[in-house]
Amino acid sequence: MKTSDLAFNHRSVGPLEALGSAIGATPEELIVLGNNAANFYKKFKKPKEDGSFREICTVDEPLKAIQAKIKSHFFCNGAINYPKYLHGGLPGKDLLTNCKTHTKAKILVKLDIENFFGSISRKEVKSVWKYFFKQPEDVAEALTKLTTFRDCVPQGVATSSYIANVLFWEDETELIKELETLGLTCPFGKCAKNPGL
């Protein structure tokens, strides 16, 4: 995973003890919670506009509180400087702010990636923790267990949109550069919807 245009503004939390300190849990609690994370998820189906259904997850405590703390420490409060084109799941941004960037566009291209969150694998999530956030192996593994469900990113969970934003950053940057070389300077915006937040 290349991260040339994105940076985490904090230092690595270091060993598992430091992660626990940063998010208010002991290393033992994080290990037990990570190893049993699947027990805290509930799935339900939400109807989509086309009549099909989207599978959404809710999370019970204490995993929900830990995910909120992970989100706050790693993704919010100035931890990352996000580009203007990202709208999904970010504070102060939403579908409406995304639409406003395109109000004068003559052409609008809308893409919907089927099973977007479910297609983000555990391996890709671990690469975000290990290479972008520069966490040691044990911390990257713990964070992966705490933010994935059945080996993928669960839709509807507090950390999911953020993980997707970081993971796809490099490809999006390349896409924007390619569009510019073709003379297409249209505004680019991405709004990964994560219902349930």
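The values are calculated or read from the model by the stated rules, or taken from the named source; none is laboratory data. It should be emphasised that the depicted structure is a prediction, and the values quoted were computed from it without experimental measurement. A quick note on method: Cβ atoms are made from the backbone with ideal geometry, for glycine too, and the neighbour counts reach across all protein chains shown.
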query = What helices (runs of 4 or more DSSP H) completely inside the stretch 77-153 contain at least 2 residues that are buried (at least 16 other Cβ atoms within 10 Å of the Cβ) and under 15 Å from the mean Cα position of the chain (by Cα)?
reply = 122-127, 137-147
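One line per residue, one yes/no per condition, for (1) touching a residue at least 60 places away in the same chain (Cβ under 8 Å); (2) farther than 16 Å from Pro154 by Cα; (3) of a type in the set (Ser, Thr, Tyr):
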site: Ser12; (1), (2), (3): yes, yes, yes
site: Glu17; (1), (2), (3): no, yes, no
site: Ala25; (1), (2), (3): no, yes, no
site: Arg54; (1), (2), (3): yes, no, no
request  = Quick one: Ser161 ticks every box in (1) at pLDDT below 95; (2) surrounded by 16 or more Cβ atoms within 10 Å (Cβ to Cβ); (3) in a loop (DSSP other than H, G, I, E, B) except a single one, so which number is it?
outcome  = (3)
inquiry  = Report every pair of residues separated by at least 6 positions or lying on different chains whose Cβ atoms are under 7 Å apart, first residue within the stretch 122-151 and in contact (Cβ under 8 Å) with a residue 40 or more places away in the chain, second among the polar types (S, T, N, Q) and assigned to a helix (DSSP H, G or I).
reply    = Val125/Thr144; Val125/Thr147; Lys145/Asn35; Leu146/Gln67; Thr147/Gln67
task = Identify the residue in the stretch 1-52 that is closer than 28 Å to Tyr82 by Cα and charged (D, E, K, R) and, among all such residues, is surrounded by the fewest Cβ atoms within 10 Å (Cβ to Cβ).
result = Arg11
message = If I filter the stretch 25-48 for residues that are within 22 Å of Gly118 (Cα to Cα), at pLDDT below 95 and outside any strand (DSSP E or B), do I get at least one hit?
response = yes
